[in-house]
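To start, the structure under review is shown below, and the notes come after it.
The values are calculated or read from the model by the stated rules, or taken from the named source; none is laboratory data. Since the model is a prediction, treat every value here as computed from it, not as a measurement. Note that we place each Cβ from the backbone using ideal geometry, even for glycine, and neighbour counts take in every protein chain shown.
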Amino acid sequence: MSPVYDADADDFLRWSPLLWAPLGAELAETASPRPGDRVLDACSGAGGSALPAARSVGRTGHVDAVDLTEQLVRRLEVAADHAGLHHLHAHVADVTTWRSDRPYDVVLCGYGAFFLPEPDRDGRHLVSQLRPGGRFAASTWNRGAMGFVGLVYEAVRTVRPEVTSPVRTDRWLDSPELLADWLERIGLQEVELRTVTHRVDLTEETAWAFVTGTGLRALLSTLTGDAVQVVKRRLVEFLDRQEAWELVADSVIGTGRRYVVT
């Protein structure tokens with residue numbers, strides 16, 4: 001999905017203070033990195049969790065933020081520099097093969113687990129980057145969240161009837177129980193879960209920015225300018241009809257520790 005985000009990083013970033021920054025702060029706070037800790041933020045995006053983690057670990061700490069989307073990584077570099085967080089290092093790289101020469105105290109993965117090609121294998125790889133006793137924290141959408149996506153598909157079908165709603169890749173993680181099962185499968189112990197309620201009031205502008213600033217933009221890639229405007233108008237009609245001018249972004253955050261049996 002990287003090229004999609006690269007194409008409209010500005011709209012992705014428009015949503016940062018509404019969605020990615022507050023939810024990233026929730027993840028970082030739950031993981032509780034301490035001063036001097038080494039942190040890996042896998043699938044870091046524009047730094048929703050990497051920036052607060054860097055503030056927590058301070059100058060004696062170290063944060064590696066890893067993502068495939070170059071424009072978002074570059075924006076994170078600028079944000080970290082402006083904030084004086086010179087111990088935050090942003091990397092354009094694949095988290096499934098990322099390795100450090102020193103283990104981490106904390107690994108974060110915000111809304112990225114359901115994009116991993118092989119979730120169990122790749123999750124175990126991320127856990128292997130922790131020191132013994134290190135903490136892993138992941139966030140995912142809770143069941144019932146992101147119903148807005150279905151309305152976008154309905155709007156697109158008015159000009160592309162062949163489009164079918166995708167199988168939601170996050171369904172296998174969309175409850176506290178499912179997230180706990182995954183965390184245990186990838187080798188974590190002392191697993192704990194918490195739920196977060198997060199809602200964002202939508203306007204016509206922010207609703208459309210969510211479409212163009214996320215992977216939903218791919219649905220528009222083959223459309224003419226006129227067809228895109230039809231989709232935009234139909235989306236507004238659907239939101240009005242269903243009184244759905246609220247983005248439901250309720251989430252689950254799970255944590256666990258890595259212990260090595262000797």
Condition test on Val159, is it more than 15 Å from the chain's Cα centre (by Cα), at negative phi, in a helix (DSSP H, G or I) and among the aliphatic types (A, V, I, L, M)?
no
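Pick from Arg99, Arg124, Arg74: which is more than 13 Å from the chain's Cα centre (by Cα) and touching a residue at least 40 places away in the same chain (Cβ under 8 Å)?
Numbers: Arg99 fails: touching a residue at least 40 places away in the same chain (Cβ under 8 Å); Arg74 fails: touching a residue at least 40 places away in the same chain (Cβ under 8 Å).
After ruling out the rest, the residue left standing is Arg124.
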Q.
Against the condition under 30 Å from Ser32 (Cβ atoms) and surrounded by 14 or more Cβ atoms within 10 Å (Cβ to Cβ), how does Thr158 come out, does it pass?
A. no
Only one of Val248, Val231 is within 14 Å of Val156 (Cα to Cα) and either in contact with a Leu (Cβ under 9 Å, 6 or more places away or on another chain) or surrounded by 15 or more Cβ atoms within 10 Å (Cβ to Cβ) (or both), namely Val231
Screening Ala83, Ala79 for residues that are in contact (Cβ under 8 Å) with a residue 12 or more places away in the chain, closer than 17 Å to Ala21 by Cβ and surrounded by fewer than 16 Cβ atoms within 10 Å (Cβ to Cβ) leaves only Ala83
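Taking region 127-151 on its own, how many of its residues are of a type outside the set (A, V, I, L, M), more than 18 Å from the chain's Cα centre (by Cα) and not in a strand (DSSP E or B)?
Residues flagged as of a type outside the set (A, V, I, L, M), more than 18 Å from the chain's Cα centre (by Cα) and not in a strand (DSSP E or B) within region 127-151 amount to 3.
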Taking region 161-193 and the residues there that are touching a residue at least 60 places away in the same chain (Cβ under 8 Å) and over 27 Å from Val260 (Cα atoms), the one that is surrounded by the fewest Cβ atoms within 10 Å (Cβ to Cβ) would be Ser175
The lone condition Ala218 fails out of (1) under 17 Å from Arg157 (Cα atoms); (2) at pLDDT 95 or above; (3) surrounded by fewer than 17 Cβ atoms within 10 Å (Cβ to Cβ) is (2)
Taking region 162-204 and keeping residues out of contact with any strand residue (DSSP E or B) (no Cβ under 9 Å at 6 or more places or on another chain), of a type in the set (D, E, K, R), within 22 Å of Leu151 (Cα to Cα) and modelled with pLDDT of 95 or more leaves Glu204
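Look through Val78, Val95 and report the one residue that is farther than 19 Å from Ala138 by Cα and among the β-branched types (Val, Ile, Thr). Before the answer, list the steps.
Numbers: Val95 fails: farther than 19 Å from Ala138 by Cα.
From the options Val78, Val95, the qualifying one is Val78.
What tally of residues in region 46-63 results from selecting those that are in a loop (DSSP other than H, G, I, E, B) and farther than 14 Å from Ala138 by Cβ? Give the steps one after another, and end with the answer.
Start the filter on region 46-63 by keeping residues that are in a loop (DSSP other than H, G, I, E, B), which leaves 46-49, 58-61.
Then keep just the ones that are farther than 14 Å from Ala138 by Cβ; that gives 46-47, 58-61.
Looking only at that region, the number is 6.
Among the residues in region 67-85, are any over 24 Å from Glu118 (Cα atoms), out of contact with any Asp or Glu (no Cβ under 6 Å at 6 or more places or on another chain) and either of a type in the set (S, T, N, Q) or in a strand (DSSP E or B) (or both)?
Looking through region 67-85, none of the residues is over 24 Å from Glu118 (Cα atoms), out of contact with any Asp or Glu (no Cβ under 6 Å at 6 or more places or on another chain) and either of a type in the set (S, T, N, Q) or in a strand (DSSP E or B) (or both).
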Here the residues within region 33-60 that are on the phi > 0 side of the Ramachandran plot and over 18 Å from the mean Cα position of the chain (by Cα) are Gly36, Gly58
Restricted to region 222-262 and to residues being within 27 Å of Thr140 (Cα to Cα) and polar (S, T, N, Q), the residue modelled with the lowest pLDDT is Gln242
